[in-house]
1. Rounded to the nearest 0.05, what FRET efficiency is calculated for residue 36 and residue 56 with R0 set to 25 Å and r the Cβ-Cβ distance?
2. When the chain is fully extended, how far beyond the present Cα-Cα distance does residue 93 get from residue 81, taking 0.36 nm per residue of separation?
3. Which value in Å does the Kirkwood hydrodynamic radius of the range 1-48 take, with 1/r averaged over all unlike C-alpha pairs and then inverted?
4. Using label points projected 7 Å from each Cα along Cα→Cβ, tell me how many nm separate residue 19 and residue 108, to one decimal.
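Quick note: the coordinates plus some simple rules give every number you see, no bench work behind them. Please read these numbers as outputs of a predicted model, since none were measured by experiment. Glycine also receives a Cβ, built like all others from the backbone with ideal geometry; neighbour counts cover every protein chain displayed.
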């Protein structure tokens, strides 16, 4: 990749270009040096583990992996939206008026219905007079 990028980076300022070339040359030399088994043994780097091909997960095609990635991104987005919605409802629940969930409002005084006078009390009053 460094050699492919060389024509595109060549027009950059000289200090950045010099740093980039130096850094990439050192990286290439380091990777080449660490491939030698004697160097790996001297630095106590463990040997690479080689897995059996049957133990490895099956490789799905490019289109199938893009589709599964898209589905994963959609489900992740839906979960994030549900979390944000729940958090917003939680924030709003502690502020603002309490929603009425009952038919009788105990904070307002209800008028008591007037009781009609019974006929016996009317006649009793007339006799007293």
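1. FRET efficiency, residue 36 to residue 56: 0.40.
2. 2.5 nm
3. That comes to 12.5 Å for the range 1-48.
4. Label at residue 19, label at residue 108, 7.1 nm between them.
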